[in-house]
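Below: the structure, in structure tokens.
The values are calculated or read from the model by the stated rules, or taken from the named source; none is laboratory data. Since this is a predicted model, take the numbers as computed values, not measurements. Glycine gets a Cβ as well: all are built from the backbone with ideal geometry, and neighbour counts include every protein chain shown. We work out accessible area using only protein heavy atoms, side chains counted, and drop any ligands, DNA or RNA first. Shrake-Rupley method; radii C 1.70, N 1.55, O 1.52, S 1.80 Å.
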Amino acid sequence: VRRRLHRKPREALAIANLSASIAESLPSNQYASVILAQLRANAWKDRASTLRYLARYDEAIESAERGEECLAEFASLGHDRAIVRLVKGMILAQQERFDEAHAILSDCRRVFREHDDMRRYVQAGLAEGNTLYRGSHHAEAQKLFEDLLQDAVAAGDLESQARLHNNLGFCATHLDEYARANIHF
């Protein structure tokens, strides 16, 4: 699904639909219930992500919520739940439901930090910061991006550093801090 998403999104959706259908049809006695929950949630997450890419947001939300339902009875799957909710938060942000998106993305970022998943921690932070920015909370977005920049530098993540500097530049322009914006750009 991920390999086809950007070049052939309709093909990615067909694969995601098939994956979700297969995951739902697996007999419950074939896998441990926790494994089955993870398989199903991942399939629904991929479907939600693909639908988000195709701007079919209502269906995307439904798929993400189905993924959450698959994991609901397993408290130990907090990291898996956060992965599904990350996609849901990004969908909500694209629907301009910024408060809901911010709450979800902030929680995801916390879970990823607790699990030492720095790649997803930064990804969730970028999404959360973009949500704050799009909701005109530029100072809050700037603070979050500054914190994330320190983590990206410590991790040697150059791509995230570039994104964060760009985002910090845009925040600074909205805060009339043009010299600071120039430095980040």
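Okay, helix-only estimate at 222 nm for the chain: each DSSP H run of n ≥ 4 adds -39500 (n - 2.57), divide by all residues, round to 500 deg cm²/dmol; what do you get? Helix contribution divided over all residues of the chain: -26500 deg cm²/dmol. For the chain, the longest principal axis of the alpha carbon atoms and the long axis of helix 78-94 meet at an angle near 60°. Entry note, the range 1-155: relative contact order of 14 percent, from Cα contacts under 8 Å with a spacing of 6+ residues.
Report in % the part of the accessible area of the chain that belongs to carbon and sulfur, leaving out ligands and nucleic acids; probe 1.4 Å. Walk me through the intermediate numbers first.
Numbers: 4870 of 10050 Å².
Carbon plus sulfur share of accessible area: 48 percent.
Based on protein heavy atoms only, the chain ends up with 54 Å² per residue of surface accessible to a 1.4 Å probe. A 1.4 Å probe, protein heavy atoms only, puts the accessible area of residue 111 near 10 Å².
For the range 28-50, the residues whose amide N sits under 16 Å from a probe point set 7 Å from the Cα of residue 76 along the beta carbon direction are 31-39. Within the set of other residues whose C-beta is less than 9 Å from the C-beta of residue 118, count the net charge using Lys and Arg as +1 and Asp and Glu as -1. Spelling it out: positives minus negatives among the neighbours equals -1. For the chain, a simple Cβ point-charge model (Lys and Arg +1, Asp and Glu -1, everything else neutral) yields a dipole of about 760 debye relative to the Cα centre.
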